[in-house]
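The structure appears below as structure tokens.
Where a number appears in this text, it was derived from the coordinates with a stated rule and is not lab data. Values in this document were obtained by computation on a predicted structure and should not be read as measured data. Cβ atoms come from the backbone with ideal geometry, glycine included; neighbour counts cover every protein chain shown.
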Amino acid sequence: MLTGLIIIATAGLLAVLSHRHDRLSNKILKNVPLNEWLGIGVFPIFLYIGWAIIIKNILQRPNIGIFFLDDIDILAIMLLCLIYGYVAVALHFASKVLWIYLKGNKKSMAYRVNEMFHGKMSHYLGFLNLLIVFLTVSLLELNHPVEYPIFRSYLTYIVIVGIVSGLAMSKTVFYTNEWFGGYNKPLFFVTIVLLSILIFIFKTLSLSYAFYPIGLFIHTFYISMLLAMLVRQIVIFSNLPDRRKLKFLSRILSV
């Protein structure tokens, strides 16, 4: 199980780093930047391998049936989100490549239409489905706790992997220098809602993380994302001139 989590965390971190790496962006293969090939053809494979290892480990445990949804229902939702997530990756791949060759004429209709897919549609679709997939994995584990409490040292490793994964995700989502830029605000509150659902379930059912290692990982993942976002906003706000601080706050408080 820890192997699957490490694979996911490593693949996610490398995906973020490769997306920002100028050398990979400038390396063109078949008229497409190398980092885009990695994004659509390599990293998703490793993410799937990590996911498959985790799901197999969960389903091999005894089913105690404490959650109202059974395995088939949860897996169906999970697979649907995975499919839509990869659709978003493919959509971003195509639109990003087109953007490279259209950005010289930003006033054209082709550029504006392409930006609909390159911008919010592909990013929101991908990020939202990934966040929901993480939630469904934790829900699947509710009916399949480990038989014996996990050692504290092992739980510590899981927390570390969760932090790395959350920071990698936050670097992907919250990459702009202002709250209203990119996709920060909606996904920030979506993450709060998903985290609140998990906390409510764990508190209501009095569940222990020692029996739910994936639940611990997902909680840590969400929390590290949110904390990274908040810290970044505080740092950005503190470095702004006084005139821009009011504008920054108005953007945060606006609907």
**Study point:** Too-long pairs where the Cα-Cα distance tops 29 Å, listed order kept, from 106/245; 30/103; 30/106; 56/96; 106/185; 171/247
**Key:** 106/245; 56/96
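For the chain, what is the calculated [θ] at 222 nm in deg cm²/dmol (nearest 500), taking -39500 (n - 2.57) for each run of four or more DSSP H residues and dividing by its residue count? The partial results should precede the final answer.
Working: 11 runs with 191 residues, N = 255.
Computed ellipticity for the chain at 222 nm equals -25000 deg cm²/dmol.
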Review point. If you take the Cα atoms of the range 58-209, find Rg, then find the Kirkwood Rh from the mean of 1/r over all pairs, what is Rg/Rh?
Key: 1.07
Revision key, fill the gap. FRET efficiency for residue 100 and residue 157 from the Cβ-Cβ distance with R0 = 41 Å, rounded to 0.05, comes out at 0.55
Practice item. Order these peptides, 224-233, 144-153, 124-133, by their mean beta-carbon neighbour count within 10 angstrom, highest first. Key: 124-133, 224-233, 144-153
Practice item. Can you tell me the FRET efficiency between residue 244 and residue 189 if r is taken as the Cβ-Cβ distance and R0 is 22 Å, rounded to the nearest 0.05? Key: 0.40
Check your understanding: Just one of (i) 60, 48, 32; (ii) 115, 63, 31; (iii) 92, 38, 27 is Cα extents along the principal axes in Å as worked out from the coordinates here. Which one is it?
Key -> (i)
Exercise for review: Mind pulling the per residue volume of the convex hull built on the Cα atoms of the range 1-60? Å³ is fine.
Suggested key: 55
Point to revise | Gained length - residue 70 relative to residue 42, 0.36 nm times residue gap less alpha-carbon distance | key: 6.9 nm
Point to revise | J(HN,Hα) series, the range 91-106, from Karplus relation 6.51 cos²θ - 1.76 cosθ + 1.60, nearest Hz, glycine and proline x | key: 5, 5, 4, 5, 6, 5, 5, 5, 4, 4, 9, 9, 5, x, 10, 6
